[in-house]
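Only one structure is covered here, and it is reproduced in the block below.
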Amino acid sequence: MSSWIWSDGSNSSYRYWNKDEPNGGVDDLCVQLFSPEYKWNDAGCKWENPFICYKNLSLILINQNKTWREALRYCRENHVDLVSVHTEEIQHWVETAVNYASTANVWMGLRHTCTLSFWFWVSGQSICYQNWAPGNGTGVEDCRGGERTGAVQSGSKQWVSLPEDQRLNFICTV
């Protein structure tokens, strides 16, 4: 099998096959881990094995136009929080969600402090992964109009720095 996918249907770009695997047996459509290195082996799906579960982050696009602060309040009162995009995987989920937005940009839980001059996620996660559109987020912010907040563009799916009083759709974590 040349293409492997995860059980949730997402593409699998990461591989950690054991030597001579996958060997492509006729019924070898599942993957099992071998100790001590936990390398992969293709195997038949009918065999009972211990398994690993993970929780998928759930997102919801809210098709209401709110300021950034209103969106933050709405997410915290009705769901969990505005989305924090601290991995490429979460970025992909956000990209899917913004396809259904009615505004050109969509609020995320990204905020800039003009006093200390840095960006941060409202969830408290550090900003390691970044996807800024050219000319956004990496230079000195113009704070004359107040604090800056982060949004994702519906078209390019890149992040932009905007004044917090614009009215946009937004993404909450559920």
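The values are calculated or read from the model by the stated rules, or taken from the named source; none is laboratory data. Since the model is a prediction, treat every value here as computed from it, not as a measurement. Counting neighbours? That spans all protein chains shown, and the Cβs are built from the backbone with ideal geometry, glycine included. With ligands, DNA and RNA removed, areas are computed over all heavy atoms of the protein, side chains included. Shrake-Rupley method; radii C 1.70, N 1.55, O 1.52, S 1.80 Å.
A few remarks follow.
- Cα extents for region 20-94 along the principal axes, largest to smallest and rounded to whole angstrom: 55, 25, 22.
- Relative frequency of Cα-Cα separations exceeding 21 Å in region 1-152, percent: 58 percent
- The largest-to-smallest principal axis extents of the Cα set in region 75-174 are 32, 27, 26 Å.
- Cα long-axis angle, helix 88-98 against the chain (0 to 90 degrees, to the nearest 10): 60 degrees
- In order along region 120-130, phi translates into HN-Hα couplings of 8, 8, 5, 6, x, 5, 7, 8, 9, 6, 9 Hz, rounded to whole numbers, per the Karplus curve 6.51 cos²θ - 1.76 cosθ + 1.60 with θ = phi - 60° and x for Gly and Pro.
- Whether region 60-132 is rounded, prolate or oblate, judged on the alpha carbon gyration tensor where a/c under 1.5 counts as rounded: oblate
- For region 88-174, the carbon plus sulfur part of the accessible surface works out to 49%, probe radius 1.4 Å.
- Degrees between helix 68-78 axis and first principal axis of the chain (Cα, 0 to 90, nearest 10): 50 degrees
- Note on the chain: helix-only mean residue ellipticity at 222 nm, from DSSP H runs of 4+ residues weighted -39500 (n - 2.57) and normalised by residue number, equals -4000 deg cm²/dmol.
- When each of the peptides 110-118, 75-83, 145-153 is scored by how many other beta carbons lie within 10 Å of its residues on average, the order from highest to lowest is 145-153, 75-83, 110-118.
- For TRP4, the residues whose amide H sits under 5 Å from its own are SER12, ignoring neighbours fewer than 5 places away on the same chain, with H placed 1.01 Å from N.
- Translational diffusion coefficient of region 56-96 (Stokes-Einstein, Kirkwood radius from Cα pairs, 10 °C, 1.306 mPa s): 144 µm²/s.
- Looking at the chain, the accessible area is 62 square angstrom per residue; that uses a 1.4 Å probe and ignores ligands, DNA and RNA.
- Across the options LEU168, TRP47, VAL152, the greatest Cα extent toward the positive end of the charge dipole of region 15-174 (unit charges at beta carbon of Lys, Arg, Asp, Glu) belongs to LEU168.
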